[in-house]
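Structure first, then comments.
FYI, it's all coordinate maths here, none of it is from the lab. Just so you know, these numbers come straight off a predicted model, no measurement behind them. Note: ideal-geometry Cβ built from the backbone for every residue, glycine included; neighbour counts use all protein chains shown.
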Ligand code: F6R
């Protein structure tokens, strides 16, 4: 795991987008795992700009989102399909048939979850999975006590998550759906590379626990310590409770992998 500290949230978002763009240029048929939420908006803004100004080409790219609320159709403004359309899909040349999210209106939810896993496998697995971290330490919607080997499934959301996501529902946590379909921790760990982005002081404590604390299903992001190629990008505020920052800064300043991003 590498922890890359950037001076501001804007620089952290820019770096995450640059890493995704590099992966896409190297492999035009990249299978890209996507996340939603406030933290990702800047990343998608940068990707849209790179497409517009530098011709970053998504024509062959396939995408898989981490999660979708159960009970919301793709036209619902609270749905993650709607979020993705507004934040990224309509700004780049992704083919609609190459964008995948779980179907929150599926009648047979277990079958939909199995089919989602099958679709990921049929595309050859996820090359690069973008992640945020929830206030309760979740990745995707893998709430506390999610099995570290879990696969795509239905999950009930914690009060903390529904409060965190209330802004998209008029500020009312009770209007945030109580259940979602989410890739499992095991599904996420199968990705060839994971890229987690976190900013702001309110993420500092949970991020330090996830990165430097013990691996525990109470904080599903801590499972990323098991991943062979995981990069955590944070701004100074989110890094403020980490203990190993001196070493993390040394890695960015000295390791050849990071030379082009300094
Ligand atoms: C969303 C998702 C979540 C978010 C996390 C952070 O698809 O998978 O894990 O990444 O809740 O959300 P924000 O960025 O809104 O703080």
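Counted over the chain, the DSSP beta bridges are approximately 25% antiparallel. Using the Cα coordinates of segment 151-228, the gyration tensor eigenvalues translate into equivalent-ellipsoid semi-axes of 24, 17, 11 Å, sorted from longest to shortest. Taking every DSSP helix (H) stretch of at least 4 residues in the chain, weighting each as -39,500 (n - 2.57) and dividing the sum by the residue count yields a mean residue ellipticity at 222 nm of -10000 deg cm²/dmol.
Summarising the label geometry, the points placed 7 Å from Cα in the beta-carbon direction at residue 251 and residue 192 lie 2.1 nm from one another.
Going from the fewest other Cβ atoms within 10 Å to the most, the residues 82, 29 appear in the order 29, 82. Here the gap between residue 149 and residue 108, fully extended at 0.36 nm per residue and compared with their Cα-Cα distance, gives a gain of 12.5 nm. Each peptide in 164-177, 215-228 gets a packing score, the mean of other Cβ atoms within 10 Å over its residues, and the list from highest to lowest is 215-228, 164-177. Binning all Cα-Cα separations of segment 62-110 at 5 Å, short to long from zero, yields these whole-percent fractions: 5, 23, 31, 24, 12, 4, 1. Each peptide in 149-160, 46-57 receives the mean, over its residues, of other Cβ atoms within 10 Å, and ordering these scores from highest gives 149-160, 46-57. With only Cα atoms counted, segment 1-72 has Rg and Dmax values of 13.3, 39 Å. Extension gain, residue 163 to residue 53, is 35.9 nm, computed as 0.36 nm per intervening residue step minus the present C-alpha separation. Taking every C-alpha pair closer than 8 Å and separated by at least 6 residues, the mean separation divided by the residue count of segment 185-241 gives a relative contact order of 50 percent.
Here, the chain yields an orientationally averaged convex hull projection of 12.7 nm² when only Cα atoms define the hull. You can think of it this way: the chain between residue 122 and residue 259 has 45.8 nm of extra reach, that is 0.36 nm per residue less the Cα-Cα gap. Residues 161, 182, ranked from the fewest to the most other C-beta atoms within 10 Å, line up as 161, 182. Calculated FRET efficiency, residue 10 to residue 205, Cβ-Cβ distance, R0 = 35 Å: about 0.95 to the nearest 0.05. Comparing Cα centroids, segment 1-80 and segment 87-158 end up 14 angstrom apart. For the chain, the relative contact order is 24 percent, taking Cα pairs closer than 8 Å that sit 6 or more residues apart in sequence and dividing their mean separation by the residue count. Take the Cα of residue 74, step 7 Å toward its Cβ, do the same at residue 26, and the gap between the two points is 3.1 nm.
The convex hull of the Cα atoms of segment 1-135, projected and averaged over all directions, covers 8.9 nm². Expressed as a whole percent, the proportion of Cα-Cα pairs in segment 117-162 lying more than 15 Å apart is 53%. Each of 203, 27 was scored by other Cβ atoms within 10 Å of its Cβ. Listed from fewest to most, they are 27, 203. Okay, which of segment 189-207 sit inside 17 Å, backbone N to the point 7 Å along the Cα-Cβ direction of residue 215? In segment 189-207, the label zone of residue 215 (backbone N under 17 Å from the point 7 Å along Cα→Cβ) covers 189-195.
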